[in-house]
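The values are calculated or read from the model by the stated rules, or taken from the named source; none is laboratory data. Given the structure is predicted, the values throughout are model-derived calculations rather than measurements. Every residue, glycine as well, gets a Cβ built from its backbone with ideal geometry; the counts of neighbours run over all protein chains shown.
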Amino acid sequence: MGKTLKKFEQLSLEDIDRIIEMAWEDRTPFGAIQFQFSLSESAVIALMRREMKRSSFRMWRARVSNRSTKHSQKRSSDVNRFKCSRQKNISYNKY
């Protein structure tokens, strides 16, 4: 957990906000977060646990657990994007 904490300290508030937003988005896989911010799925979970209220974290975990769109390996091959097609472009996305 020490390495993960060090990574969190290097993130700006804007980056943390964007990671949380991406983690809540149904169509954004953890792989996109890892590509953009170099945080593994377990590091994202730790960040969400640290930044959210306990009840919000539980709600998020229940929502993303085993959700096929959050895990690239479980996604249908028909889905070739990392976000909803109706979502506007966000300037911080580098993926």
task = Mind listing just one residue for me: the one in segment 32-42 that is within 17 Å of residue 61 (Cα to Cα) and outside any loop (DSSP other than H, G, I, E, B) and, of those, nearest to the chain's Cα centre (by Cα)?
result = 33
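Tell me, yes or no, whether segment 31-41 has at least one residue that is hydroxyl-bearing (Ser, Thr, Tyr) and either touching a Ser or Thr at 6+ places or on another chain (Cβ under 8 Å) or at pLDDT below 85 (or both).
Scanning segment 31-41 turns up no residue that is hydroxyl-bearing (Ser, Thr, Tyr) and either touching a Ser or Thr at 6+ places or on another chain (Cβ under 8 Å) or at pLDDT below 85 (or both).
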query = Within segment 46-63, how many residues turn out to be free of Cβ contacts under 8 Å to residues at least 12 places away in the same chain and not in a helix (DSSP H, G or I)?
reply = 1
inquiry  = Checking the condition at pLDDT below 85, of a type outside the set (Asp, Glu) and in contact with a Cys (Cβ under 7 Å, 6 or more places away or on another chain), which residue from 27, 67, 75 passes?
reply    = 27
query = Restricting to segment 7-25, what's the tally of residues that are assigned to a helix (DSSP H, G or I) and polar (S, T, N, Q)?
reply = 1
